[in-house]
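Let me begin by presenting the structure, written as structure tokens, before commenting on it.
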Amino acid sequence: MASIAEREAAVFLKTGARVPLTLVRGEGTRVWDDSGKEYLDFVAGISTDALGHAHPAMLKAINEQAQQLIHVSNIFYTVPQVDLAELIVRESGMAGVFFCNSGAEANEGAIKLARKWGRDHRNGAFEIITAENAFHGRTLTTVTATGNPKYMDPFGPLPPGFVYVPYNDIDALRGAINEKTCAIMLEPVQGEGGVNVPDPEYLPAVRKLCDDENILLMLDEIQTGMGRTGTMFGFQRYDFTPDIMTLAKGLGGGIPVAVIVANEKASVFEPGDHGTTFGGQPFATAVALAVAQTLVDEGIPQQAAEKGDHLQRRLRALEDTHPEVEGVRGQGLLVAVAFKNDIAAEVAAAARDLGLLCNNVRPNAIRLMPPLTVSEAEIDRAVEILGEALTIVGDA
Ligand SMILES: *Cc1c(COP(=O)(O)O)cnc(C)c1O
């Protein structure tokens, strides 16, 4: 019989290399492959499975809402999307939401919102400044916002209106602003770029710069939002609010759902400006509501901060025993271990064999992003496995 890899290769467009592993079941932080082997899941669907696998609150919401109403379109009012919107507005201190289905789609809509604001409030300004090593998605516009030539070059012509500056460099941002600029768009911590944490002064200074120049601050919290970095939203580590924020990944706990959140100033959509068929459907928003309510009720973001500190502390101890480790960086439960050489793929493969899933986010760095519900014992075991993996790769 053909393997799953052979079957896939016969019928899929070729967009990416998979890890040779077929997962069939999950519970909490653990997943099992098709041979019954168990793994600690420190990928968590790329920071998506905030409550881990098969969380009772999600299962309850999934069952109840599936029996009630899955989808009717946005021609009609439905209750769960309004409940979720109220929770997001309350928790963020922002003004209004637009639900959609994926991170790229949220950023695409957020870019439309910023351009409309620029047209109406800044003499037609349309340029958006983004950061090098950012990741904002794969649609034509969000891939242009991402600015990575490898992802962009085959697909031109690309939409105009994006300018790139180094991340964590306030002077570069200041120098890039002109009368055509309508917004700055950043991740509070760069996720796909390798878990790059800015200096504590950077984002507050960006907020002040945006206020001084009368341009919008857009935060892409698709990876950092929903408790991942130790606060409900990444910006809540600081004393400011963005003008526009996008959420996806952790929002649905694994169910596809995303949202654009805007403050009063940026709430410039009018009827007919934007729309979606699936976005905000009762099923997805009921599950997302159960996830978000659980995060709030159980204080999970604060726990993620403490568990993240524990994880980073334990990982730093590896620096002493494994000279190939260059350093540890991260915020909350979004953490990377950097190596002196490009051994991340080998380390991730060795860890996988030993029962730990992690992601080689850069050639020289692995990323750890377990469910926010991970236990300290699971963190300790994961670090132990990583140490064993480093010994194997170091000896090879
Ligand atoms: C994953 C991610 C996206 C894209 O989300 P998709 O759901 O894959 O379209 C955008 N921005 C950031 C910061 C992300 O981590």
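The values are calculated or read from the model by the stated rules, or taken from the named source; none is laboratory data. Not measured: the values here are computed from a predicted model. So basically every Cβ, Gly included, is an ideal-geometry build from the backbone, and we count neighbours across all protein chains shown.
Quick notes on this structure:
- Matching entry among 127, 108 (being without any contact (Cβ under 8 Å) to a residue 60 or more places away in the chain and more than 26 Å from residue 47 (Cβ to Cβ)): 127
- Only residues that are more than 16 Å from the ligand (Cβ to nearest atom) and either in a helix (DSSP H, G or I) or buried (at least 24 other Cβ atoms within 10 Å of the Cβ) (or both) were counted across segment 207-231, and they come to 10.
- Yes/no for residue 132 being within 16 Å of the ligand (Cβ to nearest atom), farther than 20 Å from residue 203 by Cβ, among the acidic types (Asp, Glu) and modelled with pLDDT of 95 or more: no
- The single residue among 244, 184 that is farther than 24 Å from residue 151 by Cα, out of contact with any Pro (no Cβ under 7 Å at 6 or more places or on another chain) and surrounded by 24 or more Cβ atoms within 10 Å (Cβ to Cβ) turns out to be 244.
- Residue count for segment 15-55, restricted to those that are in a loop (DSSP other than H, G, I, E, B) and acidic (Asp, Glu): 2
- Test: residue in segment 114-121 that is touching a residue at least 12 places away in the same chain (Cβ under 8 Å) and touching a Gly at 6+ places or on another chain (Cβ under 9 Å): yes
- Subset of segment 101-128 that is of a type in the set (A, V, I, L, M) and either within 16 Å of the ligand (Cβ to nearest atom) or in a helix (DSSP H, G or I) (or both) - its residue that is farthest from residue 197 (Cα to Cα): 113
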